[in-house]
1. Please work out which residue is farthest from Ser97 (Cα to Cα), limiting yourself to region 142-162 and to residues that are open to solvent by 50 Å² or more (accessible area, probe 1.4 Å) and at pLDDT 95 or above.
2. Of the conditions (1) within 29 Å of Gln138 (Cβ to Cβ); (2) outside any loop (DSSP other than H, G, I, E, B), Ser19 clears all except one; give me its number.
3. Give the residue that is farthest from Pro99 (Cα to Cα), with candidates limited to residues of region 131-141 that are open to solvent by less than 50 Å² (accessible area, probe 1.4 Å) and of a type in the set (A, V, I, L, M, F, W, C).
4. Could you list all residues from region 89-130 that are surrounded by fewer than 18 Cβ atoms within 10 Å (Cβ to Cβ) and of a type in the set (D, E, K, R)?
5. Among the listed residues Gly100, Gly14, Gly91, Gly79, identify the single one that is at pLDDT below 95 and at positive phi.
6. Which members of region 58-87 meet the condition of being crowded, with 24+ Cβ neighbours inside 10 Å and more than 21 Å from Lys127 (Cα to Cα)?
7. Taking interchain pairs and intrachain pairs at least six residues apart, which have beta carbon atoms under 7 angstrom, with the first residue in region 158-187 and over 26 Å from Asp21 (Cα atoms) and of a type in the set (Lys, Arg) and the second outside any loop (DSSP other than H, G, I, E, B) and open to solvent by less than 70 Å² (accessible area, probe 1.4 Å)?
8. Does Trp55 satisfy being open to solvent by 20 Å² or more (accessible area, probe 1.4 Å), assigned to a loop (DSSP other than H, G, I, E, B) and modelled with pLDDT of 95 or more?
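The values are calculated or read from the model by the stated rules, or taken from the named source; none is laboratory data. Just so we're clear, the structure is a prediction, and the values are computed from it rather than from any experiment. Please note: Cβ atoms are built from the backbone with ideal geometry, for glycine as well, and neighbour counts cover all protein chains shown. To get the accessible areas, we keep the full protein, side chains included, count just its heavy atoms, and leave off ligands, DNA and RNA. Shrake-Rupley method; radii C 1.70, N 1.55, O 1.52, S 1.80 Å.
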Amino acid sequence: GTVTAHDSANPFDGDWGVSFDGNDWLTIEDSTDFDLAAVDFTIECWYRPITNPSWVGLMSQWPNGNYNVTNSWTFEPVGSTLQFYYCNTAGSLYGISAPGSLQTNQWQHCAVTKSGSTINVWLNGAKGSDHTIVGTMQDVDTNVDIGGNVAGAGNVNGRISNLRLVKGQALYTSNFTPSSSALTTTS
């Protein structure tokens, strides 16, 4: 369903989003925290795009185009479709899609989960098709970027709020209603 926001700056009362103008992004130095190959995980955020360009990186470890030894995974809208891509150690890349379409100028909940060998991408609590991971996700020594720098571009023009990576747990395994309050520590 549609998420009702108090205003464009925040998805919840008293909570704030980071504004990206399409020209910048945040960078985190690589660590083992971002090796997602052998664990369950959840990446999620609230996202309010002003535009839906060719691609934008919500959170990624993907500095070059297509398959590359420097690329591991990217959580990114491609046009209005929410996607998760990964490169495996055998030299291939795979993409998984959420159902539905990202709408401009409104807050939407975006998530990707890996539970065992199954990856799903979620938009506003609706689960996309199951994808069985092929091989082993590549672990790379590349910075993790928030809001862009995917394949040398893909910068967000809009807002991201409550972005988190939960390593060791797939928080969602069936359709759900996204939280109407700020995200907190999980189990």
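1. So the residue we want is Asn143.
2. (1)
3. It comes out as Val140.
4. Within region 89-130, just Asp130 meets the criteria.
5. Within the list Gly100, Gly14, Gly91, Gly79, the selection yields Gly14.
6. Of everything in region 58-87, those that are crowded, with 24+ Cβ neighbours inside 10 Å and more than 21 Å from Lys127 (Cα to Cα) turn out to be Gln61, Trp62, Ser72, Cys87.
7. Note: pairs meeting the criteria are Lys167/Phe41.
8. The answer is yes for Trp55.
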